[in-house]
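The values are calculated or read from the model by the stated rules, or taken from the named source; none is laboratory data. These figures come from a predicted structure and were not determined experimentally. Virtual Cβ from ideal backbone geometry, glycine too; neighbours counted across all protein chains shown. For the accessible areas, the whole protein counts, side chains as well, though only heavy atoms, and no ligand, DNA or RNA atoms are used. Shrake-Rupley method; radii C 1.70, N 1.55, O 1.52, S 1.80 Å.
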Amino acid sequence: MDYLDKLTKQITNSISVAIFVILTGALGFVWALNQYTEFDTLLILLLAFGLFGVVGLLLAHSISQRVIEPVRALWQAILHVSPSPSPTVAPDLEKIHLGKELVTNLVLQIYQLASVAEKTSHQNAQSHNNNLVNSDVILDNIPAPVLCMNSDQVIVKANSAAIQYLQLAAGEVLQKSIHAVLDLAFSDDYTYEAWLKDSRENKATDSHNWSRVRTTTADDKTKQQFDMAAHYNKSSPDGVETIIVLFDKSKDYSKDDDGVGFIALAVHELRTPLTMLRGYIEVFEDELQGKLTPELNDFMQKMHVSAEQLSTFVSNILNVARVEENQLFLELHEENWEQVLKNITADIELRAQVHGKQITYDVQKDLPPVAVDRVSMYEVVSNLIDNAIKYSGKSEKIIVRSRLTDDGMIETTVQDFGIGMPSSIIGNLFEKFYRNHRSRAQVGGTGLGLYLSKAIISAHGGQIWVQSKEGEGSTFGFTIQPYAQLADELKTSDNKSIKRVAHGWIKNHSFYRR
């Protein structure tokens, strides 16, 4: 490090001397011309600028040649020991003026490293096969399941933990396609196949992690859940393009699933009495219409709204359980979106009125027909407007907008002007059971509505998002596809409906039909 400090000081001194010489010379030249000639001041300055500009360039060239000497010597030393058809002579260390000690020390280390590399290169070549064997031994000693695939996504290596975890024989795994061995299901659109396609097109190496990945064993009975890490190498010398490591989380994640399953079982028992309750309320509304006092009529409206809220709660719980088991089936039909949207919100307007809120609409005219499942889309819009009612605070205004985006999707937003949210929590809103700790004491809910909404919108081929600012309100939005955009091969024979499952657990390649 002392040698480096010495070189730094030498360069600093050289530059300082050059600057001093130029400035002193320039001042002296100007003074002399001013004293002994009758040139005007402007001409003197121009002459001084031209002369010492040339002198400055010469000094700069001279200093740069000296400063570059250490780098040139190292460059020559590296080329000298590198294998090349046209060898380079070794640097003459005696001719170095700046940093001689530092350069000499570094060049000697380069020679030493080159000597060691030359001695070990043939040993590396001889031990290559042994290393391959050793890598297999190391792979087998890794406790987590590891699978290695070639560029055709054929499994070329699998450790014993992977064979045991998949409950298959080695012959049923090796030289088989990864898609045939692992029926992977992911919690979002960025599946393993999507990541691999992106990596092949844009990157030389890449890594990615997934959580809550599912697969089913060969007996089609045991469902395993795990986190997964994958690494991609475009030009691996051993022919392994991707490596997958599985981290078993079946026990941890099954606790969440069991919790949802237990709640769903309990909630399912509410459906019969709830249906009876709603029926009686509707009978009372019909029979007593115009006969009740304003106060009693207000009570009746609140009963109706409470029954609808309870019905939404029951539906959310049951549908989340179906999403978890990939049993929530959607049937997409060609629909007029403006009409569907207004039919859905008509049922929610009473709820808004009871809470003192007013829903206004801004729907673009002549929207193209969309492909939606009316029942599941009712839950999405109902959840978003219900959230707007809950979190709008003292604001009375809720705006529902819908338009055709530049990329041809139908975008719908629900905006409130209430309490809003800090940016720190927005990333977690669509997770199962997530509730904002700042507002969950004041506002009731299960934390499942947005999770279910995301699953349904994803199954429709759209996206869902939120924009919010604390104290100014929130805007939840989602997109759905025009019916004309759907692939022809997914359409049924009557060309009117498409069947999909909710996007909670989707195959690698695409949505699949039932």
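Look at region 221-246: where a residue is at positive phi and a partner is outside any strand (DSSP E or B) and open to solvent by 10 Å² or more (accessible area, probe 1.4 Å), sitting 6+ places away or on another chain with Cβ atoms under 6 Å, you get 239/150. Counting only strands (runs of 3 or more DSSP E) that sit wholly inside region 320-422, those with at least 1 residues that are on the phi < 0 side of the Ramachandran plot and open to solvent by 20 Å² or more (accessible area, probe 1.4 Å) are 329-335, 358-363, 397-404, 410-416.
Can you name the residue in region 278-307 that is among the aliphatic types (A, V, I, L, M) and more than 45 Å from the chain's Cα centre (by Cα) and, of all such residues, is modelled with the highest pLDDT?
Initial filter on region 278-307 (among the aliphatic types (A, V, I, L, M)): 281, 283, 288, 292, 296, 300, 303, 305, 307.
Filter once more, so that each one left must be more than 45 Å from the chain's Cα centre (by Cα): 281, 283, 288, 292, 296, 300.
Values: 281: 78, 283: 79, 288: 80, 292: 80, 296: 84, 300: 79.
Residue satisfying both the conditions and the ranking: 296.
Just to be sure I understand, how many residues within region 146-162 are open to solvent by 30 Å² or more (accessible area, probe 1.4 Å) and either of a type in the set (S, T, N, Q) or closer than 15 Å to residue 246 by Cα (or both)? Looking only at that region, the number is 4. Among the numbered conditions (1) in a helix (DSSP H, G or I); (2) open to solvent by 70 Å² or more (accessible area, probe 1.4 Å), the only one that residue 26 does not meet is (2).
Is there a residue being hydrophobic (A, V, I, L, M, F, W, C), at pLDDT below 75, surrounded by 11 or more Cβ atoms within 10 Å (Cβ to Cβ) and farther than 29 Å from residue 23 by Cα anywhere in region 85-101? Looking for residues that are hydrophobic (A, V, I, L, M, F, W, C), at pLDDT below 75, surrounded by 11 or more Cβ atoms within 10 Å (Cβ to Cβ) and farther than 29 Å from residue 23 by Cα, one finds at least one in region 85-101, hence yes.
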